[in-house]
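Values quoted throughout were computed directly from the atomic coordinates according to the rules given, and no laboratory measurement underlies them. Computed from a prediction, not measured in an experiment: that's the story for all the values here. Reconstructed Cβ throughout: ideal geometry from the backbone, glycine too, with neighbour counts over all protein chains shown.
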Amino acid sequence: MKNLEISPGLYIVATPIGNLSDLSARAGATIAAADLLLVEDSRVTGKLLAHLGLKKPMRPYHDHSKEADREAILAMLADKVVVLVSDAGTPLISDPGYKLVHAARARGLPVGAVPGPSAPTMALTLSGLPTDRYLFAGFIPSKDKARADLFEELAGLRATLVFFETGPRLAKSLAAAAEVLGNRPAAVARELTKMFEEVATGTLEELGQRYADTPPKGEIVLVIGPPGEDEAPDDAAIDAAIDEALESLSPSRAAKEVATRFGLKKNDVYARVQQRVAS
């Protein structure tokens with residue numbers, strides 16, 4: 001591997017999300033020049049080093065790292081090349097590391113990055129959904145209420161939504177998304193760049209039925225399309241929908257249904273519901 005002259009500092013290096021051939025030449029050369037690698041799991045990074053024919057000192061850096069660990073790393077940056085990698089993909093994207101980068105920048109220490117593989121970006125480009133405006137929201141919460149609250153928070157956002165999810169929880173998340181967001185188009189991308197890569201597309205309800213009894217294996221990215229581009233509803237249409245919903249639903253449930261239908265914030269609709277009930 002060609003040697004690369006690198007000045008001391010912290011370098012954030014993207015690593016493959018599955019296919020080791022996706023490691024860029026610059027990323028490999030940066031790792032080769034490192035005095036120290038900061039890793040999530042030394043066993044995972046060890047396989048990458050073996051692929052490169054390298055042996056490098058590794059030090060764990062993850063969510064449980066203490067402030068003293070961070071201070072020790074910062075002290076090295078004046079005269080050492082320290083490379084931060086995650087187990088897969090671009091570090092700091094739903095991975096630890098931002099506190100270290102923030103501290104290094106606050107102290108005027110050099111910070112660089114080598115871009116590369118990113119599962120959210122790849123899933124987004126493969127989904128066939130709008131890419132001009134999107135939000136990556138990390139892992140979907142495992143608890144039912146927290147999951148529903150997240151979808152309600154994002155319901156009115158006119159952007160494609162991108163999440164990480166696990167196979168055993170996927171069906172629940174698809175059902176919750178359909179209930180809160182409506183039956184939007186979506187894509188489930190799994191095992192990206194690996195032998196069994198798969199991208200399944202359809203509506204949230206269709207995908208929910210597909211995976212209801214057969215949870216998929218592997219690492220999963222869920223992409224959900226934005227709300228429809230219908231004209232904003234007028235007050236009369238909203239009030240009529242509220243009155244109709246109140247005939248069979250509680251005020252809270254009516255507010256949720258109308259908010260989902262029109263892509264509005266639930267709290268705003270609930271205030272209107274309360275006004276209709278009081279009048």
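Could you give the length gained on full extension between S42 and R158, defined as 0.36 nm per residue of separation minus the Cα-Cα distance, in nm? Display every interim value, and only then the final one.
Values: separation 116, 0.36 × 116 = 41.76 nm, distance 4.03 nm.
Once the chain is fully extended between S42 and R158, it gains 37.7 nm.
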Nearest-0.05 FRET efficiency for D268 and A212, computed from C-beta distance (R0 41 Å): 0.80
Applying 1/(1 + (r/R0)^6) with R0 = 41 Å to the Cβ-Cβ distance of S7 and E244, what FRET efficiency is obtained, to the nearest 0.05? 0.05
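Near E205, within a Cβ-to-Cβ distance under 13 Å, what is the net charge of the other residues, with Lys and Arg +1 and Asp and Glu -1?
Neighbour charge sum, excluding E205 itself: 0.
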Positive dipole terminus of the range 1-65, leading residue within L36, P60, I12 (C-beta point charges): L36
Between the alpha-carbon centers of the range 9-43 and the range 99-119, tell me the distance in whole angstrom. 14 Å
How large is the charge dipole for the range 120-224, taken about the Cα centre, if only the Cβ atoms of Lys, Arg (+1) and Asp, Glu (-1) carry charge, to the nearest 20 debye? 120 debye
Sum -39500 (n - 2.57) across every DSSP H segment of at least 4 residues in the chain, then divide by the residue count to get the 222 nm mean residue ellipticity, nearest 500. -13000 deg cm²/dmol
Given labels modelled 7 Å from the Cα in the Cβ direction, how far is it in nm from V111 to A68? 2.5 nm
Percent antiparallel among DSSP beta bridges (both partners in the chain, rounded to 5): 50 percent
Any chance you could run the full-extension gain for R253 through A25? It's 0.36 nm times the residue separation minus the Cα-Cα distance, nm to one decimal. 76.6 nm
Kindly point out which whole DSSP H helices in the chain project their C-alpha atoms 20 angstrom or further along the helix axis while averaging a Kyte-Doolittle hydropathy of -1.0 or above. 167-181
Can you tell me the relative contact order of the chain? Whole percent, Cα pairs under 8 Å, sequence separation 6 or more. 17 percent
On the first, second and third principal axes, largest extent first, how far apart are the outermost C-alpha atoms of the range 9-117 in Å? 36, 26, 22
Pairs K47/K194; K55/K80; K99/K172; K99/K145: which are spaced more than 25 Å apart, C-alpha to C-alpha? K99/K172; K99/K145
